[in-house]
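A.B. asks: Below: one structure in structure tokens.
The values are calculated or read from the model by the stated rules, or taken from the named source; none is laboratory data. Since the model is a prediction, treat every value here as computed from it, not as a measurement. Cβ sites come from the backbone with ideal geometry, for glycine too, and all protein chains shown count toward neighbours. The accessibility values were calculated without ligands, DNA or RNA, using every heavy atom of the protein model including side chains. Shrake-Rupley method; radii C 1.70, N 1.55, O 1.52, S 1.80 Å.
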Amino acid sequence: MGYIDELKEALGPERVNTGTIDCISVSRDMSVHEGVPDVIVFAKTTDEVVRVVKIAAAHKVPLVARGAGTSVTGAALASRGGILMDLSRMNQIKELNKNDSFVIVEPGIVCNALNAQLEPTHFFPPDPGSAPICTVGGMIACNASGVRAVKYGTTRDYVKGLQVVLADGQVIRTGSRAPKSSAGYDLTRLFATSEGTLGIITEATLKILPKPPYLAFARALFPSVDQAGEAVEKILTGGIPLSSCEILDEVSIGVLKKAINLQVAPEVKCILFIEIDGHRQAVQDQIQQIDAISQAVGGLGNEWSDDPAKRLVMWSARQGLVPSLSRVKPGYRQIPVVEDFGMPITQIKHVIHDIQDIGKKFNSPIATFGHIGDGNLHAVLLMDIRQKEEWETLRRIAKDFIDLTLKYGGTLTAEHGVGMAKSPFIKEELGASLAVMEKIKRTLDPDNILNPGKMGFSDSIDDIYDQFAFTHLLQQPEGVQSFGEKVDNEILACIQCGFCRAGCPTYAQTGLESMNARGRVLLAFNLMSGRLKPSEELATRLYQCTNCLNCKYTCPSRVEVADIVQAARQRLAAAGLLPQIFQASSKSLTQYGNPFGEPREKRTDTFPAGFEPARKGAEVLLFGGCVGSYQDINLIANLMTILDKAGISYTSLGQEEDCCGYLSYLIGLEDDFRACVAANTKKFADLGIKQIITSCPGCYRTLAKLYPGYGGSPEIKVQHVTTFLNDLLSQGKIPLKGNGGQKIAYHDPCDLGRHMNIFEEPRNVLKSLPGVELTEFKLNRLLAKCCGSGGGVKGFDNPLSQDIAYQRVLQALEVGAEVIVSACPSCKSNLTQGAARVRKEKKGKIKVKDITEVVVSALA
């Protein structure tokens, strides 16, 4: 029996994945390197981890533990193939003891999720930039820190004890729950910086702290790095306990001015972001001291506040820098290699000057920013990754960075770890101690199965071009198959940070990276570079995307993943890989004018008797849409009732109405879509149509946004029914009487909300109805979760679609809603089925309605 069969026997086949597409989807992080595993396994318990480790040891197969894959250094990549063990499903809090100030957690718990459970009284201080998605196990393995490190230290300062599975499957415990211990070697701290090379962490006992009662923050402006550095030095040596102190140099400020329109005066060449926490009076006294110091060194002013809303705005500049670096110039992106310096605080200003000089030397912009309060700087390069000469420049800059680090007695990595990225360079810093480290590694892991090829050990890479993620682009440019400049640039803008995990509904349901936006962008990148060829496996993953656009609004770089998926689908369809269900829908659309195979005459079954379709001279064309016409028998009738009450002159194409073509667009049949646009545009012109309203967000997006780009008339005003109703209500044209008390949660349809930015109009309509109490999903507007039916997923993978709908209904019950109201017939259909499942499982009762139903029931 081979080791993969043994893994399936140990964990069950559903948690062992050997698919090529899935393995490629976990082959990258923010580094320039890659590592494709042979198999992915998902462990849920320590016992299962032990089983996997023993199988790997018996077969001498490499084994890499992975959390969220947020590393900047390639630390969690399968650099030698073998087994990638995903620990993200081990995400529980096992014990919380606030009186003794500790919490025991599994390694897969996300940092921000942990802090949410500690609210409102306590917190876990380490806060890396990836805190919304990074796992505690990964934080421990590389000793992550973040902006609070100046006062609160790094992750290992909060690790009291660990449970670790060693390379032979033995389970050991280190540390204790006691406040301190002198019991032997400090193995806890050894494992807490080992990057998974010595053992696999399956449980951690963490120290937690009471939340400080007061927090104040400031943006401090300076005319130079020298004056900012002098201010920080005086503040810290004066004993003022800053909780955060971040710096942006002149290059970084320039990037933010261009990317997010940062407003600062031209004389500002350096910005500090400062925070102090503690008791209010002490903090106020410290503010006065800091202001005096800033003024004394020639600062340009400090802007203080304690308003949490203003804090978010202020920090948006600092947090927006890294993603903005991928938006400075189309096709360019930020590249981290040796970018994580740690320096003595008194040398920071000299280091920044030297970095700027290196940038000038190579005529390459280098943005320098970071945690100046604890001497931690990040210097990031901007480059076009398709240009070989720019990579050669990067290699020379990296060498100068190393010399710079050694010159000031610093470290190459203050918080990101070594991984693969710094392996070619770390020996210059560690010297003979690296050999001692490797002896420890060989003692605990004699067969070198645990995360091999990392930390600068003898089996590590020697150059940035080793296991290089962009080889196909540079060495085989003839194989590159562009999606077009716009889409190519979107693909290159993705820095593989993984923040999209927080928004992607299909990832939330499956836990597979290939079902996440990051994974799909990586698949499109490999399709573009020529490494991947069109296949059914690839098509499956790309047609399982709901195109909901949630990923864009959890992505720091705002990557247009929907456009990337769309372009990839077009290529797959052209290669003959259009899924069978969509082949049938496309044929039906051509034959019957709808994708459901319904006869044309049924389109008007719900029309009132005597209604005259295709009437010239009407103010408005009511475009019913296929779902509203054939599947929701009340929708069109309700809308007509409202229009009649409001005295609106309107008409419809009736049985001559054809599909808007949105499905053809979604599934990648661009020629078919163009044909729909041409046919419908002619019909509109023949009737002299000047305004269209529709109740379907898909139709609305198509007619209003897509048609003009494909030959449709830009002069026709297109409105979704919610904006039309909002206008009528504001004008007093709809008489209302009320419909009794209802606690309604409004569900934002993806096409209407994120794609078309219509959020408030439907809420205004609902608020205007007597007796309606409007509540909100915890995730709403830009961050609203998809119902699961978008992107064609309801047709292609209905079970997945239904699972997503079910979760959305549960979210409505969480906020006490009695009715879910949407403004999309497809959302209503899917959520209705989700509500039926919730009711069947006896988890609650809730109704689902379209917004037109609620309005009709309130008509006088």
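A.B. asks: For residue 743, state whether it is open to solvent by 30 Å² or more (accessible area, probe 1.4 Å), at pLDDT 90 or above, farther than 20 Å from residue 854 by Cβ and of a type outside the set (Asp, Glu).
C.D. replies: The answer is no for residue 743.
A.B. asks: Failed condition for residue 150, given (1) in a loop (DSSP other than H, G, I, E, B); (2) in contact with a helix residue (DSSP H, G or I) (Cβ under 6 Å, 6 or more places away or on another chain); (3) among the β-branched types (Val, Ile, Thr); (4) open to solvent by 20 Å² or more (accessible area, probe 1.4 Å), with all others met?
C.D. replies: (1)
A.B. asks: Using the structure shown, decide if residue 359 is within 25 Å of residue 241 (Cβ to Cβ), modelled with pLDDT of 85 or more and more than 27 Å from the chain's Cα centre (by Cα).
C.D. replies: Numbers: within 25 Å of residue 241 (Cβ to Cβ): no; modelled with pLDDT of 85 or more: yes; more than 27 Å from the chain's Cα centre (by Cα): yes.
Spelling it out, it is not the case that residue 359 is within 25 Å of residue 241 (Cβ to Cβ), modelled with pLDDT of 85 or more and more than 27 Å from the chain's Cα centre (by Cα).
A.B. asks: Is it fair to say residue 681 is of a type in the set (Ser, Thr, Tyr), part of a helix (DSSP H, G or I), touching a helix residue (DSSP H, G or I) at 6+ places or on another chain (Cβ under 8 Å) and surrounded by fewer than 24 Cβ atoms within 10 Å (Cβ to Cβ)?
C.D. replies: Judged against the criteria, residue 681 is a match.
A.B. asks: Yes or no: residue 728 open to solvent by less than 10 Å² (accessible area, probe 1.4 Å) and either out of contact with any Ser or Thr (no Cβ under 8 Å at 6 or more places or on another chain) or farther than 30 Å from residue 503 by Cβ (or both)? Reasoning before the result, please.
C.D. replies: Values: open to solvent by less than 10 Å² (accessible area, probe 1.4 Å): yes; either out of contact with any Ser or Thr (no Cβ under 8 Å at 6 or more places or on another chain) or farther than 30 Å from residue 503 by Cβ (or both): yes.
Spelling it out, residue 728 is indeed open to solvent by less than 10 Å² (accessible area, probe 1.4 Å) and either out of contact with any Ser or Thr (no Cβ under 8 Å at 6 or more places or on another chain) or farther than 30 Å from residue 503 by Cβ (or both).
A.B. asks: Within segment 171-184, can you find the residues that are open to solvent by less than 70 Å² (accessible area, probe 1.4 Å) and either part of a strand (DSSP E or B) or in contact with a Pro (Cβ under 8 Å, 6 or more places away or on another chain) (or both)?
C.D. replies: Answer for segment 171-184, where residues must be open to solvent by less than 70 Å² (accessible area, probe 1.4 Å) and either part of a strand (DSSP E or B) or in contact with a Pro (Cβ under 8 Å, 6 or more places away or on another chain) (or both): 171, 172, 174, 175.
A.B. asks: If I ask for residues that are open to solvent by less than 20 Å² (accessible area, probe 1.4 Å) and either out of contact with any Phe, Trp or Tyr (no Cβ under 6 Å at 6 or more places or on another chain) or closer than 27 Å to residue 424 by Cα (or both), which ones from segment 51-71 would you list?
C.D. replies: 52, 53, 56, 61, 63, 64, 66, 67, 68, 69
A.B. asks: What pairs come out if I take residues in segment 97-116 that are farther than 19 Å from residue 43 by Cβ and among the hydrophobic types (A, V, I, L, M, F, W, C) and pair them with residues that are assigned to a loop (DSSP other than H, G, I, E, B) and open to solvent by less than 40 Å² (accessible area, probe 1.4 Å) whose C-beta lies under 6 Å away, six or more apart or interchain?
C.D. replies: 103/208; 111/131; 111/134; 114/124
A.B. asks: Could you give me the residue pairs with C-beta distances under 9 Å whose first residue belongs to segment 366-388 and is under 17 Å from residue 231 (Cα atoms), whose second residue is among the aromatic types (Phe, Trp, Tyr) and at pLDDT below 85 wherever it lies, and which are 6+ apart or on separate chains?
C.D. replies: So the pair list comes out as 377/369.
A.B. asks: Here's another thing I want to ask about it. For segment 250-265, give me the residue count where each residue is closer than 16 Å to residue 328 by Cα, open to solvent by less than 40 Å² (accessible area, probe 1.4 Å) and either of a type in the set (S, T, N, Q) or touching a residue at least 24 places away in the same chain (Cβ under 8 Å) (or both).
C.D. replies: Residues in segment 250-265 being closer than 16 Å to residue 328 by Cα, open to solvent by less than 40 Å² (accessible area, probe 1.4 Å) and either of a type in the set (S, T, N, Q) or touching a residue at least 24 places away in the same chain (Cβ under 8 Å) (or both): 4 in total.
A.B. asks: While we're here: Of all helices (runs of 4 or more DSSP H) completely enclosed by segment 1-65, which ones contain at least 3 residues that are of a type in the set (Val, Ile, Thr) and closer than 24 Å to residue 446 by Cα? Walk me through how you get there before you give the answer.
C.D. replies: Working: elements: 3-11, 20-25, 46-59.
The qualifying helices (runs of 4 or more DSSP H) are 46-59.
A.B. asks: Only one of 716, 689 is in contact with a Leu (Cβ under 6 Å, 6 or more places away or on another chain) and either surrounded by 15 or more Cβ atoms within 10 Å (Cβ to Cβ) or among the aromatic types (Phe, Trp, Tyr) (or both); which?
C.D. replies: Result of the check over 716, 689: 689.
A.B. asks: Let me ask you something else. Select, from 293, 235, the only residue that is touching a Lys or Arg at 6+ places or on another chain (Cβ under 9 Å) and closer than 18 Å to residue 217 by Cα.
C.D. replies: 293
A.B. asks: Let me ask another. Within segment 750-776, count every residue that is open to solvent by 10 Å² or more (accessible area, probe 1.4 Å) and either in contact with a Phe, Trp or Tyr (Cβ under 8 Å, 6 or more places away or on another chain) or at positive phi (or both).
C.D. replies: Summing the residues that are open to solvent by 10 Å² or more (accessible area, probe 1.4 Å) and either in contact with a Phe, Trp or Tyr (Cβ under 8 Å, 6 or more places away or on another chain) or at positive phi (or both) in segment 750-776 gives 7.
A.B. asks: A further question on this structure: When you go through (1) touching a helix residue (DSSP H, G or I) at 6+ places or on another chain (Cβ under 8 Å); (2) assigned to a helix (DSSP H, G or I); (3) open to solvent by 20 Å² or more (accessible area, probe 1.4 Å) one by one for residue 708, which number turns out not to apply?
C.D. replies: (1)
A.B. asks: With touching a helix residue (DSSP H, G or I) at 6+ places or on another chain (Cβ under 8 Å), among the acidic types (Asp, Glu) and surrounded by fewer than 22 Cβ atoms within 10 Å (Cβ to Cβ) as the only criterion, which of 168, 157, 100 stands out?
C.D. replies: Step by step, each of 168, 157, 100 is checked, and only 168 is touching a helix residue (DSSP H, G or I) at 6+ places or on another chain (Cβ under 8 Å), among the acidic types (Asp, Glu) and surrounded by fewer than 22 Cβ atoms within 10 Å (Cβ to Cβ).
A.B. asks: Shifting gears a bit: Residue 308 versus (1) open to solvent by 60 Å² or more (accessible area, probe 1.4 Å); (2) closer than 24 Å to residue 236 by Cβ: which is the lone unmet condition?
C.D. replies: (2)
A.B. asks: Which fully enclosed helices (runs of 4 or more DSSP H) of segment 284-398 have 2 or more residues being in contact with a Ser or Thr (Cβ under 6 Å, 6 or more places away or on another chain)?
C.D. replies: 321-324, 348-361
A.B. asks: Which fully enclosed helices (runs of 4 or more DSSP H) of segment 527-630 have 1 or more residues being open to solvent by 40 Å² or more (accessible area, probe 1.4 Å)?
C.D. replies: 536-543, 550-554, 561-574, 580-592
A.B. asks: Tell me yes or no: at least one residue of segment 109-120 is within 29 Å of residue 341 (Cα to Cα), among the polar types (S, T, N, Q) and open to solvent by 10 Å² or more (accessible area, probe 1.4 Å).
C.D. replies: yes
A.B. asks: Hey, another quick one. Out of (1) under 26 Å from residue 809 (Cα atoms); (2) not in a loop (DSSP other than H, G, I, E, B); (3) not hydrophobic (A, V, I, L, M, F, W, C), what's the single condition that is false for residue 674?
C.D. replies: (1)
A.B. asks: Of the numbered conditions (1) open to solvent by 20 Å² or more (accessible area, probe 1.4 Å); (2) within 23 Å of the chain's Cα centre (by Cα); (3) more than 24 Å from residue 844 (Cα to Cα), residue 779 satisfies every one except a single condition; which is it?
C.D. replies: Among (1) open to solvent by 20 Å² or more (accessible area, probe 1.4 Å); (2) within 23 Å of the chain's Cα centre (by Cα); (3) more than 24 Å from residue 844 (Cα to Cα), the lone unmet condition for residue 779 is (3).
A.B. asks: Can you say whether residue 269 is open to solvent by 10 Å² or more (accessible area, probe 1.4 Å) and within 30 Å of residue 484 (Cα to Cα), as far as the supplied structure shows?
C.D. replies: No; evaluated as a whole, the condition is false for this residue.
A.B. asks: Find all pairs meeting these conditions: Cβ atoms under 7 angstrom apart; at least six residues apart or on different chains; first residue within segment 712-741 and under 17 Å from residue 639 (Cα atoms); second residue modelled with pLDDT under 85 and surrounded by fewer than 16 Cβ atoms within 10 Å (Cβ to Cβ).
C.D. replies: Once the first residue is under 17 Å from residue 639 (Cα atoms) and sits in segment 712-741, its partners that are modelled with pLDDT under 85 and surrounded by fewer than 16 Cβ atoms within 10 Å (Cβ to Cβ) give 735/860; 736/860.
A.B. asks: If only one of 793, 856, 848, 809 is of a type in the set (A, V, I, L, M, F, W, C) and over 30 Å from residue 541 (Cα atoms), which one is it?
C.D. replies: Answer to the check: 856.
A.B. asks: Which residues, counting only those in segment 811-847, are touching a residue at least 12 places away in the same chain (Cβ under 8 Å), touching a helix residue (DSSP H, G or I) at 6+ places or on another chain (Cβ under 8 Å) and surrounded by fewer than 17 Cβ atoms within 10 Å (Cβ to Cβ)?
C.D. replies: 837, 843, 844, 847
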